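All remarks here apply to the structure that follows.
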Amino acid sequence: MNILLTGATGKVGRHVAERVAASGHRVRALTRSPETAGLPAGVEVVRGDLERPETVRAALEGIDRMYLFPVPETAREVAELAREAGVRQIVVLSSSSVLEDESNPSHRHHRAVERAVEDSGVGRTFVRPDEFAGNTLWKWGESIRERGVVSAPYGQAARAVVHEADIAAVVAAALLEDGHEGESYLVTGPRALTQVEQVAALSRATGREIRFEELDREAGRTAMSATMPPEVAEMLLDYLAESVLTPGPVSDAVRRVTGRPARTFESWAVEHAARFASAA
Ligand SMILES: NC(=O)c1ccc[n+]([C@@H]2O[C@H](COP(=O)([O-])OP(=O)(O)OC[C@H]3O[C@@H](n4cnc5c(N)ncnc54)[C@H](OP(=O)(O)O)[C@@H]3O)[C@@H](O)[C@H]2O)c1
């Protein structure tokens, strides 16, 4: 079987690349920067840009199955090119947000890609992860390294954050095995953890005291608005408030698809502890 990976240099995609490269199938990876891709030996690395579908055409030649990183602006053209090339199965990196309200921009972003693939008529599997465990790095990494503190609103907001390797394990199964066509998998960690509990896990993993400093909504808005547009900050505040009232969903898809339990946030924290080490 010939497999095309897009997004292979991403946090999920690197785990996917390792798994499919080890499977013995022929694997090609499309990237905008082949020179720095650093993908496993045996993977054929080709240049291409999902935002410019004409650059994807050659990469699709001879491909049976592909992993599609979500770029909604061109998903329709890319899916159509895949159909023309004879691709039989597209595994889409989507999001749990497609199960939420359409007013959520992430819902619209990911659902547009799903719909484009559905409409192409190519077989498909939708992998819909909840919040990545790795988000804690960009949200809290700097303040933990510099001050040993996480300042955030809604400390009791709870999500079953998911290890990127588990998302990849589900993607790889859908690429390498039969029986996943037409399926949609909500992929989460094994249990919902509040933000306070996530910080406590990082504290244990790093062996440092990390304090959670609860901000009220107004202070949270001010802090978030420094790094994102106000409407995105508002949406995130609503999402956190909602996750206090109703913790994020917990799914058994990782166990069903891979036969192994979902990795815990605690294990993710241990693996990534060095990234939170004190800057001093
Ligand atoms: N963070 C979350 O909590 C969360 C939750 C649910 C879903 N998601 C989805 O997951 C995505 C992030 O996945 P990730 O962490 O694995 O990726 P990532 O680390 O953000 O890396 C992005 C990957 O996509 C590729 N890519 C981006 N634009 C491209 C383009 N125009 N043409 C070709 N390749 C392109 C990049 O390839 P090159 O740079 O090599 O070209 C890279 O491999 C988000 O964008 C979102 O759609 C995220």
For VAL250 and SER278, extending 7 Å from Cα along the Cα-Cβ vector and measuring point to point gives, in nm, a value of 3.5 nm
From DSSP H assignment alone, runs of 4+ in the chain each adding -39500 (n - 2.57), the sum over residues rounded to the nearest 500 puts [θ] at 222 nm at -12500 deg cm²/dmol
Rounded Å value of the spacing that divides the Cα centres of region 18-70 and region 77-122: 18 Å
Rounded to the nearest 10 degrees, the helix 105-120 long axis (Cα) sits at an angle to the longest Cα principal axis of the chain of 10 degrees
Which value, in debye to the nearest 20, describes the size of the charge dipole of the chain about its Cα centre when Lys and Arg Cβ atoms bear +1, Asp and Glu Cβ atoms bear -1, and nothing else is charged? 800 debye
Once both labels are modelled 7 Å past Cα along the beta-carbon direction, what's the ARG208-MET1 spacing in nm? 4.3 nm
In range of the label at LEU137: residues from region 244-280 whose backbone nitrogen is under 11 Å from the point 7 Å along Cα→Cβ: 272-276
Using the count of nearby Cβ atoms within 10 Å as a rough guide to exposure, how do SER143, SER96, SER33 rank from fewest to most? SER33, SER143, SER96
R0 of 30 Å, Cβ-Cβ distance VAL149-GLU118: FRET efficiency to nearest 0.05: 0.10
Fewest-first ranking of SER95, SER184, using other Cβ atoms within 10 Å as the exposure measure: SER184, SER95
Take the chain, connect every pair of alpha-carbon atoms lying under 10 Å apart with a spring to form a Gaussian network, then pick out the residue of GLY189, GLY220, GLY24 with the largest mean-square fluctuation. GLY24
Specify the angular offset, from 0 to 90 degrees and rounded to the nearest 10, of the alpha carbon long axis of helix 75-85 from the longest principal axis of the alpha carbons in the chain. 30 degrees
Any chance you could give the angle, 0 to 90 degrees and rounded to 10, that helix 230-245 forms with the longest Cα principal axis of the chain? 80 degrees
Inverting the mean 1/r over all pairs of different Cα atoms, compute the Kirkwood radius of region 172-280 and quote it in Å. 16.9 Å
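Cut-off is 10 Å between beta-carbons; in what order do MET66, MET1 appear when sorted fewest neighbours first?
Working: MET66 27, MET1 15.
With the sparsest Cβ surroundings first, the list reads MET1, MET66.
No value in this document is a laboratory result; all are computed from the given coordinates. Values in this document were obtained by computation on a predicted structure and should not be read as measured data. Because the Cβ atoms are built from the backbone with ideal geometry, glycine has one as well, and the counts that use them run over all protein chains shown.
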